[in-house]
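The values are calculated or read from the model by the stated rules, or taken from the named source; none is laboratory data. Source: prediction; values computed, not measured. Note that we place each Cβ from the backbone using ideal geometry, even for glycine, and neighbour counts take in every protein chain shown.
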Amino acid sequence: MFYLKIFDTPQRMMGLAQEIITVSQLNENIKYILEETFGFVWVEGEISNLRRPQSGHVYFTLKDDKSQIRAVYFKQFGRYRQGVSFELEEGLHILCRAKVSVYTPRGEYQLIVESAEPRGVGALQKLFEQLKVKLAAEGLFDEKYKKTIPFLPRIIGVITSPSGAVIKDILNIMARRFPSVDLIIAPVRVQGAEATREIVQALRNLHADGRTEVIIIARGGGSLEDLAPFNDEMLAREIFHSSIPIVSAVGHETDFTICDFVADLRAPTPSAAAELVVPEREELLKKLQKLDNRIKVGLLRCVEEKKDELDELKTRLRDPRRLLAGWQIHLDVLRDRLKTAFHHIEKNLYTDLRQRELRLLHQSPARKIEEKKEKINNIGRNMRRIFSGRLALYNEQLRRTAVVLESLSPLNVLRRGYSITRSMAGNAVIRRADELRVGDDVNIRLAEGSIDARVKKVSRG
């Protein structure tokens, strides 16, 4: 490093000719003096001549109404190190922290910017628009990610200032609309440098508590600077990743914040948020009454339809006695057919036997006669055994059929101690106690005989 010697007298300046330095050495000395003298400074001005080469660095001129200075914003000191939370743009007014230095190849002094922040309302609006475009491109505002607000939450979390009109309005509206709803109030600052951090921490605390079903983030109206905590990227991402539905009620109806766009539901005012989250109790009672009436009408209509179906089935149901008589007739037919067949076979056998006897008489072979007799005897025994077996099988089938028919007979049920009660007025079968009234006349059918009675007491259930 070469140091520039400063001479305070003409005599000393005369000696300068004997110590010649190069341009590079002069610029290096100037650079050293500037960096050691000024170090880091805070400089405010407007950006102009902005350039972004492929290197990733940002070159621009910082100016005011009287002067200007070159500036460079190196990639490693910029947004990658959280030095800037917004995009540098032409015409933007900023306040930057920078080191005064010299670009020695051209002998130009410049500012090496380390961090920057926007200045003025226009800058805040620019920052708002930039963040809005960025988050929208990432999908944080998409409707498909919006969670449904519960119809009637039992516990509601409210993140707002503990003082002021906002919390009072919310409490009054909720007490009027549905008093039984519980609130968990998370007090935070809603303005200033620490507001965003407190709101984010309140969200995390409500999630950790686990009781809250919906969260309202609320504050009153204000300027763009007042609403700055609700235009913060960290808060937007915390809301987006929340597992609990969030309602944003920040500012007045005309105010829009990043919090409004990323929340699951935006309310124009804090009072409107309370009305959107909590239904009115009286209105719910009216709806429930209407539903109750509709259910009663539907049940009565269903009962009438089932009665009609039952009457139709009763008319279609055949009398078991008629069914049993039909089986008995069929059994008699089978028995007659069996007797006829047996008689026919017996007659044929007898005829055949007589023919064989006549043939034997003509031929008179004694041995063959005995063999034929034995054969005939065997055939007779087999036929009797066959016909006896068939007859026993048919009798067993008849017995089983009679048992089934007997079990299906209502008379058999009555023999076990049951009875059938009919109304004397309409001759309808009584199945439930609530179909009768005290004083009604009824007929009680038993297994043997019937009883006419009058109802003295009705027990339901």
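List of remarks:
- Considering only residues in region 7-43 that are among the small types (Gly, Ala, Ser) and surrounded by 10 or more Cβ atoms within 10 Å (Cβ to Cβ), the one that is modelled with the highest pLDDT turns out to be Ser24.
- Every residue from region 431-461 that is farther than 24 Å from Val303 by Cα, surrounded by fewer than 14 Cβ atoms within 10 Å (Cβ to Cβ) and among the small types (Gly, Ala, Ser): Gly439, Gly449, Ser450, Ala453
- Exactly one residue out of Arg177, Arg204, Arg211, Arg189 is assigned by TED's automatic domain parsing to the domain that holds Ser163 and over 27 Å from the mean Cα position of the chain (by Cα): that is Arg189.
- Checking Arg381, Arg390, Arg454, Arg385 one by one, the residue that is more than 30 Å from Thr340 (Cβ to Cβ) and either in contact with a helix residue (DSSP H, G or I) (Cβ under 8 Å, 6 or more places away or on another chain) or of a type in the set (Lys, Arg) (or both) is Arg454 and no other.
- Conditions (1) buried (at least 23 other Cβ atoms within 10 Å of the Cβ); (2) more than 24 Å from Glu117 (Cα to Cα); (3) modelled with pLDDT of 90 or more; number of the one not met by Arg219: (3)
The rows are residues; the columns are (1) outside any helix (DSSP H, G or I); (2) over 22 Å from Glu275 (Cβ atoms); (3) modelled with pLDDT under 90.
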| position | (1), (2), (3) |
| --- | --- |
| Leu152 | yes, no, yes |
| Lys168 | no, no, yes |
| Ile173 | no, no, yes |
| Ala186 | yes, no, no |
| Ala193 | yes, yes, yes |
| Glu198 | no, yes, no |
| Ala208 | no, yes, no |
| Ile215 | yes, no, no |
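- Residues in region 223-263 that are touching a strand residue (DSSP E or B) at 6+ places or on another chain (Cβ under 9 Å) and in a loop (DSSP other than H, G, I, E, B): Asp226, Leu227, Ser242, Ile244, Pro245, Gly251, Phe256, Thr257, Ala263.
- Among residues of region 142-161 that are loosely packed, with under 13 Cβ neighbours inside 10 Å, those with a beta-carbon under 8 Å from a residue that is charged (D, E, K, R) and not in a strand (DSSP E or B) at least six positions away or on a different chain give the pairs Thr148/Asp264; Arg154/Glu213.
- Scanning region 277-289 for any residue that is modelled with pLDDT of 85 or more and of a type outside the set (D, E, K, R) turns up at least one such residue.
Results for (1) at pLDDT below 85; (2) buried (at least 17 other Cβ atoms within 10 Å of the Cβ); (3) farther than 26 Å from Glu225 by Cβ, shown as yes or no for each residue.
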| position | (1), (2), (3) |
| --- | --- |
| Arg51 | no, no, yes |
| His57 | no, no, yes |
| Tyr80 | yes, no, yes |
| Phe86 | yes, yes, no |
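- Residue that is surrounded by the most Cβ atoms within 10 Å (Cβ to Cβ), among those in region 395-430 that are part of a loop (DSSP other than H, G, I, E, B) and in contact with a strand residue (DSSP E or B) (Cβ under 9 Å, 6 or more places away or on another chain): Ile430
- Looking only at residues in region 223-244 that are polar (S, T, N, Q) and out of contact with any Phe, Trp or Tyr (no Cβ under 6 Å at 6 or more places or on another chain), the one that is farthest from Glu138 (Cα to Cα) is Ser223.
- Here Pro268, Pro229, Pro245 are screened, and the one residue that is closer than 20 Å to Phe178 by Cα and modelled with pLDDT of 85 or more is Pro245.
- Considering (1) within 43 Å of the chain's Cα centre (by Cα); (2) on the phi < 0 side of the Ramachandran plot; (3) surrounded by fewer than 17 Cβ atoms within 10 Å (Cβ to Cβ), the lone condition that Ile199 does not fulfil carries the number (3).
- In the set (1) at pLDDT 85 or above; (2) assigned to a loop (DSSP other than H, G, I, E, B), the condition left unmet by Ile451 is number (2).
- Residue within region 294-306 that is in contact with a Pro (Cβ under 8 Å, 6 or more places away or on another chain) and surrounded by fewer than 21 Cβ atoms within 10 Å (Cβ to Cβ) present: no
- Selection within region 181-196 - touching a residue at least 12 places away in the same chain (Cβ under 8 Å) and out of contact with any Gly (no Cβ under 9 Å at 6 or more places or on another chain): Val181, Asp182, Pro187, Val188, Arg189, Gly192, Ala195, Thr196
- Of all residues in region 431-440 being part of a helix (DSSP H, G or I) and charged (D, E, K, R), the one that is nearest to Asp452 (Cα to Cα): Glu435
Per-residue answers, yes or no, for (1) over 30 Å from Gln328 (Cα atoms); (2) assigned by TED's automatic domain parsing to the domain that holds Leu334; (3) among the small types (Gly, Ala, Ser):
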| site | (1), (2), (3) |
| --- | --- |
| Arg359 | yes, yes, no |
| Asn378 | yes, yes, no |
| Arg400 | no, yes, no |
| Ile420 | no, no, no |
| Asn427 | yes, no, no |
